[in-house]
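To start, the structure itself, in structure tokens.
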Amino acid sequence: MKIGIIGAGPAGITAAYELAKAGADVHLYEAGPDVGGLAKSLDLWNQRVDLGPHRFFSSDTRVNELWLEVAGKDYAMVDRLTRIYYKKKFYFYPLKPFDALFNLGFFQAFLCVLSYVKEKISPTADDGTFESWVVNRFGRRLFDIFFKTYSEKLWGISCKELDADFAAQRIKKLSLFEAIKNAVFGGGGNKHKTLVDQFAYPLRGSGMVYENMRDSILSHGGHVWLNTPVKRLITSNGKATAIELENAEVHEFDHIISSMPISHLVTRIPGVPEVIKNLASSLEFRNTILVYLHVQGVDLFPDNWLYVHSADLQMGRLTNFRNWVPDIYGKENSSILVLEYWCYDEDSLWKDSDASLIALAKKELIQTGLIKNAPISDGHVHKISKCYPVYEMGYRKKLVPVEEYLSGIQHLSVIGRYGAFKYNNQDHSILMGILAAENILKGSKHNLWDINTDYENYQEASVITATGLQKG
């Protein structure tokens, strides 16, 4: 079988890897210069960094076995420390009761309890928004302190305009709410399974896994075409038959897998009804700007990354790559920090020059006091278009008709965070790639649209440890 795959992010390259191993004639097309998508790694200032923090964790044995198969023994277990930075104070994430209460202060903690009790007596009506979902469960004051500012930084819209799906799929799974509830109101020692104390991390950065997949694809006779954007998908009689590249080359395939942004895919298929094109085009993505700063100091702060909830700072997240594995910084006596900013295409921030963005990042980093007097010697900007699918109110009414239309095209599979408009982690995208390959190779009937961050249809649960896979 000859398979064409659009996009070499975790979902697309995993599908290509599985298909190539099985003997398919695989052709993987990537518009950018590297594989790995949002999980790729970069070389900067004699060190290795990722596109922000990429913690791999899964309970799905299929995903974990594949990850170990590709990573081999070239990984280490990293002790997780992530905290919330809010009003010059740090809150452990997941929160620890005495730490949280001490930071909030008795009066503020007491008001949080009152707000929570009020919701239990007279609940806020659930109107389908992110805000009502959170307030209903945890009270207005906790929402205002811990969730409103960060969420609105990330999405660029009011929490009244954000769909409750985001909370139900993502926040609940990450269990920030549960952690705060347990910390402030007591949770009987409950600990959410996704908030692990350790996670497996490749010795050459998260992108190492996907670089190894690329090498395996090539060794099995597959093809990986970098800097090769796809112009359109060609269909005939309701079947996907070929890919046309930007250079006008046309390549025919028995099956096509797409992980390009769903809005792009639909507009690049001839003959799509105008109503479906309009719906797909109205699905919005949020962009990310990463500003890397080279700080001449070590032991700056102990966290892998910080969630920045302070309203006086534009950055939303701050990662310290010095605190991952020694292999990525080697003999360098310096630290690389990356500040994350989120915006839309039309925002002035997206159009700012690298120099302006580096100046902003330097100013904000110094403002936190985290690096004390350590000098910042250099900066680097990396912009990612269409990074996060935006779950604005009513987005499902737009997405479902598009899903149904694409599902009606035979020999086409749509996967990945971009492709399926799902706020996936690496493990969910890897699972999509595995199941897409199974559908093609074995005639399985996996519904790929169902794979999401709340997906728990594990055949067998397991975790990755320092010595390999531990089932149970």
Looking at (1) assigned to a loop (DSSP other than H, G, I, E, B); (2) out of contact with any Asp or Glu (no Cβ under 6 Å at 6 or more places or on another chain), which is the one condition that is false for S444? (2)
Of the residues in the stretch 1-45, those that are of a type in the set (D, E), under 22 Å from E252 (Cβ atoms) and either touching a Ser or Thr at 6+ places or on another chain (Cβ under 9 Å) or modelled with pLDDT under 95 (or both) come to E30
Can you tell me which residue is nearest to the chain's Cα centre (by Cα) among those in the stretch 245-270 that are hydroxyl-bearing (S, T, Y) and crowded, with 19+ Cβ neighbours inside 10 Å? S259
Picking from D354, D327, the residue that is in contact (Cβ under 8 Å) with a residue 40 or more places away in the chain and of a type in the set (D, E) would be D327
Residues located in the stretch 347-359, provided they are part of a helix (DSSP H, G or I), surrounded by 14 or more Cβ atoms within 10 Å (Cβ to Cβ) and within 24 Å of the chain's Cα centre (by Cα): L349, W350, D354, L357, I358
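Condition check: modelled with pLDDT under 85, assigned to a helix (DSSP H, G or I) and either β-branched (V, I, T) or surrounded by fewer than 18 Cβ atoms within 10 Å (Cβ to Cβ) (or both). Does A168 satisfy that?
The answer is yes for A168.
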Return yes or no: is P389 out of contact with any Cys (no Cβ under 9 Å at 6 or more places or on another chain) and surrounded by fewer than 19 Cβ atoms within 10 Å (Cβ to Cβ)? no
Going residue by residue through the stretch 375-384, is there one that turns out to be closer than 30 Å to A280 by Cα, in contact with a Leu (Cβ under 7 Å, 6 or more places away or on another chain), modelled with pLDDT of 95 or more and in a helix (DSSP H, G or I)? no
Of Y344, Y395, the only residue that is crowded, with 17+ Cβ neighbours inside 10 Å and either of a type in the set (F, W, Y) or free of Cβ contacts under 8 Å to residues at least 60 places away in the same chain (or both) is Y395
Among (1) of a type in the set (S, T, Y); (2) surrounded by fewer than 17 Cβ atoms within 10 Å (Cβ to Cβ); (3) in contact (Cβ under 8 Å) with a residue 12 or more places away in the chain, there is one condition Y418 misses while meeting the rest; what is its number? (2)
Residue that is farthest from I243 (Cα to Cα), among those in the stretch 404-438 that are in a helix (DSSP H, G or I) and touching a His at 6+ places or on another chain (Cβ under 7 Å): Q426
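For (1) under 30 Å from F166 (Cα atoms); (2) loosely packed, with under 15 Cβ neighbours inside 10 Å, each residue gets a yes or a no:
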| position | (1), (2) |
| --- | --- |
| P202 | yes, no |
| G221 | no, yes |
| S236 | no, yes |
| I243 | no, no |
| V272 | yes, no |
| R286 | yes, no |
Go through (1) at pLDDT 90 or above; (2) closer than 24 Å to N424 by Cα one by one and return the number of the condition F57 breaks. (1)
The lone condition K21 fails out of (1) over 24 Å from N424 (Cα atoms); (2) buried (at least 16 other Cβ atoms within 10 Å of the Cβ); (3) not assigned by TED's automatic domain parsing to the domain that holds K442 is (3)
Out of the residues in the stretch 111-134 that are within 27 Å of G394 (Cα to Cα) and not in a loop (DSSP other than H, G, I, E, B), state the one that is nearest to the chain's Cα centre (by Cα). F130
Within the stretch 298-314, work out how many residues are among the hydroxyl-bearing types (S, T, Y), more than 8 Å from T82 (Cα to Cα) and within 19 Å of the chain's Cα centre (by Cα). 0
So which of G238, G222, G271 is modelled with pLDDT of 95 or more and among the small types (G, A, S)? G222
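Looking at the stretch 106-130 only, could you name the residues that are touching a strand residue (DSSP E or B) at 6+ places or on another chain (Cβ under 8 Å) and over 19 Å from T149 (Cβ atoms)?
Hit for the stretch 106-130 is G128, nothing else.
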Looking at the stretch 230-276, which of its residues are part of a helix (DSSP H, G or I) and more than 19 Å from Q410 (Cβ to Cβ)? S263, H264, T267, E274, V275
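Against the definition (basic (K, R), surrounded by 18 or more Cβ atoms within 10 Å (Cβ to Cβ), within 29 Å of R396 (Cα to Cα) and out of contact with any Cys (no Cβ under 8 Å at 6 or more places or on another chain)), how does R322 come out, yes or no? Write out each step before concluding.
Details: basic (K, R): yes; surrounded by 18 or more Cβ atoms within 10 Å (Cβ to Cβ): yes; within 29 Å of R396 (Cα to Cα): no; out of contact with any Cys (no Cβ under 8 Å at 6 or more places or on another chain): yes.
Against the criterion (basic (K, R), surrounded by 18 or more Cβ atoms within 10 Å (Cβ to Cβ), within 29 Å of R396 (Cα to Cα) and out of contact with any Cys (no Cβ under 8 Å at 6 or more places or on another chain)), R322 does not qualify.
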For the stretch 422-460, which residues satisfy the criterion of being touching a strand residue (DSSP E or B) at 6+ places or on another chain (Cβ under 7 Å), modelled with pLDDT under 90 and either of a type in the set (D, E) or more than 26 Å from Y405 (Cβ to Cβ) (or both)? Y458, E460
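Rundown of residues vs (1) under 28 Å from Y292 (Cβ atoms); (2) of a type in the set (V, I, T); (3) in the same structural domain as V26 (by TED's automatic domain parsing), yes/no style:
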site: E364; (1), (2), (3): yes, no, no
site: N373; (1), (2), (3): yes, no, no
site: G379; (1), (2), (3): yes, no, no
site: L406; (1), (2), (3): no, no, yes
site: A420; (1), (2), (3): no, no, yes
site: N425; (1), (2), (3): yes, no, yes
site: G433; (1), (2), (3): no, no, yes
site: K445; (1), (2), (3): no, no, yes
site: T467; (1), (2), (3): no, yes, no
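Evaluate the stretch 392-401: report whether one residue or more is part of a loop (DSSP other than H, G, I, E, B) and modelled with pLDDT of 95 or more.
Checking the stretch 392-401: not a single residue is part of a loop (DSSP other than H, G, I, E, B) and modelled with pLDDT of 95 or more.
The values are calculated or read from the model by the stated rules, or taken from the named source; none is laboratory data. Remember, it's a predicted structure, so these values are computed and weren't measured experimentally. Backbone-built Cβ (ideal geometry, glycine too); neighbour counts: all protein chains shown.
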